[in-house]
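Beneath this line is the structure, given in structure tokens, with notes to follow.
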């Protein structure tokens, strides 16, 4: 907790499933793809079993999936009425504060997997460079739209 | 297909109210052709002819055909490129097969800069660059128009009445009459430009010369791969003396070349550096062969950064740059306002820009853990290199001496990393060898991020990253390694002041 005075809300449970499913799909694809060079290399190096590289990738996937819940639990957000707080990160913890007056425009997006589990992502665009896009994934569509409408009320035409 | 309409539009039409599409100056065709001719028209046929062993006549014929073809293509490209200034936007249409139409709302235009390269000067033309706040550089380049048209464009794109500012400067000076009427607030004499050049000698020459040395190591008998042999025969006094003399000679040569090239490069870029201010804008002109003019609107200035290099800082010289939104010819969005200036000159420019002065006294240092983190960040690589070198030669112990300054600098990091929330701005200083001061008005802080890595949490530290518009990178006014409560206070204080 980098800013304990701001009580953070957790992401929706659905986001945990989204993270697990996208992770599983990603590592599944990577496992299959890893089989191609592994198969090609096993022709020249006879001692290399074909399944070595895919297995390594798959093990990474299992390890990553095991930690998904911890990563999910590290996310938190708060809308104070003046600024949006987004905290995330397991090894390196970050807590980003976006003042509503600095937001340029706002997107609410929902990918196919997010739609299955009923969550969406709020994206705030600012004029900044390192953090020109602040993402808040894993909130319900209603919440995202509520925050968006609240921030929209703060938008000034010329933030500079 | 707007070609039919365009035919009637005279290129030289100078009436300001003209709303029809215009083309850039036809002289551009010649410039473009001349610019590319050496490689394509002459180079390609020459290489092709030479390698296939053909006669000079064949080469000339091929060059002529290629030249005509290129001229035709350049002409088509010129014909298809039109620009229009309407009441609300600048529209640029281009392309033969892929017609593209880009409209830039006039209110979004941040900077209009005029650049005159040597070839363009020959034809009395100028290149007009239009920048908006977007990330990509040079969103619209009009290459090239007559000087009068360039000034008309600049006036029109800024929404001013342009009739008063159109002046044809036939002398080929990039400075417009409007500009030269403004008061000069900073200027660099030739002596100071040369001094700046001497400070900015490039170490590239040293690397290059040692590379050459490596290449000829058979003759000089000194090189890294021979270091082991060399160490064995080090007892041989003559050999050793010769090598040391050679190294000293090469180092001296590299230093001289570095200084000379630095002076030449800097003089080409910064000759006649003049900064004028007025009407809410800074106007900077500089350059010997390519005279460039950049306009920086004061309200687009995001922050000021004062930089002191290792050598020039010791002599009391500063470099001032402004980070602007939609920077001009500077790819990073940082504009050099005074490359070599005294404290009072910097303060005067900062004041003109409407920024609060930088005050060192009220600043407070970051947490003591910063020393440890700096040390852990700086030391491992040199130590590893020295240990690895020990395997090759025991003389690498000498290399360990190089660790002393590294450790010393790390120990000083905290002393030079200070910050404060002032009345209207965040002020940060950071860096030991290259010292930097930042003045960031609160209204230009975009996003504030608290960050703590694993090791930082063990030490009870956190960093406050301050995101601003215009430019990114390690030159951002971040406050690194604060005690966690201080970091919280700083982040909360910053956000509260943004409002």
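Data table
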read-out	value
Gap separating the Cα centres of region B:33-93 and region A:17-74, nearest whole Å	52 Å
Mean residue ellipticity (222 nm) of chain A, computed from DSSP H runs ≥ 4 via -39,500 (n - 2.57), nearest 500	-14500 deg cm²/dmol
If the convex hull is drawn through the Cα atoms of region B:243-339, its volume per residue in Å³	126 Å³
Whole-angstrom gap from region A:78-145 to region B:238-316, using each part's C-alpha centre	43 Å
Modelled FRET efficiency - R0 51 Å, residue B:88 with residue B:192, Cβ distances, 0.05 increments	0.70
Largest-first ellipsoid semi-axes for region B:305-438, taking √(5λ) over the Cα gyration tensor eigenvalues, angstrom	35, 18, 14
Peptide A:2-15, shielding by other chains (average Cβ, 10 Å cutoff)	2
Amide N proximity, region B:383-422 versus residue B:364 label position 7 Å along Cα-to-Cβ, cut-off under 15 Å	B:417-422
For region A:13-70, convex hull of alpha carbons as volume per residue, Å³	50 Å³
Cβ neighbours within 10 Å from other chains - mean over A:89-95	6
Average beta-carbon neighbours from other chains, 10 Å sphere, peptide A:121-132	6
Per-q log10 I(q)/I(0), chain A, q = 0.11, 0.16, 0.17, 0.20 Å⁻¹ (Debye; single scatterer per alpha-carbon; no solvent)	-0.56, -0.92, -1.00, -1.23
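Bear in mind these aren't lab numbers, they're just calculated from the coordinates by the rules spelled out. Note that the structure is predicted; figures quoted are calculated from it, not measured. With ideal geometry, Cβ positions are generated from the backbone for all residues, glycine too; neighbour counts draw on all protein chains shown.
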